[in-house]
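The values are calculated or read from the model by the stated rules, or taken from the named source; none is laboratory data. Since we're looking at a predicted model, the values are computed, not measured. Neighbour counts run over all protein chains shown; Cβ positions are idealised from the backbone, glycine included.
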Amino acid sequence: MKFLKSGDEYVEKKMNQFFNESGMLLAFLLLLDVIVRGIILDREPSEYVVSGIGFGLYAGWVFFRYLFSGLEYPDIASKQTYRKKRKEMMAVSITSGFIFLFLTIAFTGIPGHAKEWLDLVMMVFLFVLFYFLINVISLRMSFKKNKDLLDD
């Protein structure tokens, strides 16, 4: 938004803060609309689907921009620390998978049939896989960014 640029760094920083705050407020209102109309009032999905899509787009955009920015791990600059952190992420992902498994069983009960067990195991596997991939992508982007900064 070129027309909002003043050339003053302080003003631009404050404007970015205001845009951030307004985006968070808008996302909160969209999520609140989905919760009130969808869960509390039990309305037809056609009444709140646009709010759900809007919230999903906002949250997804922020999530993926952060994920691919390389900002999360500023101290990862060597191959050795990268490998060590990746191993830690694998351990954390597996531990989180076990916690997810136990919480799922606690809230839904112990599966009774083989198909229910298979569904549970696949859900936990996919949780661990996506959790690990998200963290590894962020780690990889941080490593590349930090390496590029050190090479300059």
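Quick notes on this structure:
- Of the candidates LEU41, LEU71, the single residue that is farther than 18 Å from LEU149 by Cβ and not hydroxyl-bearing (Ser, Thr, Tyr) is LEU41.
- Criterion: surrounded by fewer than 14 Cβ atoms within 10 Å (Cβ to Cβ) and polar (S, T, N, Q) - qualifying residue of SER51, SER78: SER78
- Among residues of the range 9-43, those that are within 30 Å of ILE137 (Cα to Cα) and in contact with a Phe, Trp or Tyr (Cβ under 8 Å, 6 or more places away or on another chain), counted: 5
- Verdict on GLY38 being over 16 Å from the mean Cα position of the chain (by Cα), at negative phi, exposed (fewer than 11 other Cβ atoms within 10 Å of the Cβ) and modelled with pLDDT under 95: no
- Residue satisfying all of: in the range 55-113; outside any loop (DSSP other than H, G, I, E, B) and among the charged types (D, E, K, R); nearest to the chain's Cα centre (by Cα) among these: ARG65
- In the range 120-139, the condition of being surrounded by 13 or more Cβ atoms within 10 Å (Cβ to Cβ), among the polar types (S, T, N, Q) and either touching a Pro at 6+ places or on another chain (Cβ under 9 Å) or over 30 Å from GLU21 (Cβ atoms) (or both) is met by no residue.
- In the set (1) farther than 30 Å from VAL136 by Cβ; (2) at pLDDT below 95; (3) surrounded by 12 or more Cβ atoms within 10 Å (Cβ to Cβ), SER46 fails one condition alone, (3).
- Condition check for GLU9: modelled with pLDDT of 95 or more and surrounded by fewer than 14 Cβ atoms within 10 Å (Cβ to Cβ): no
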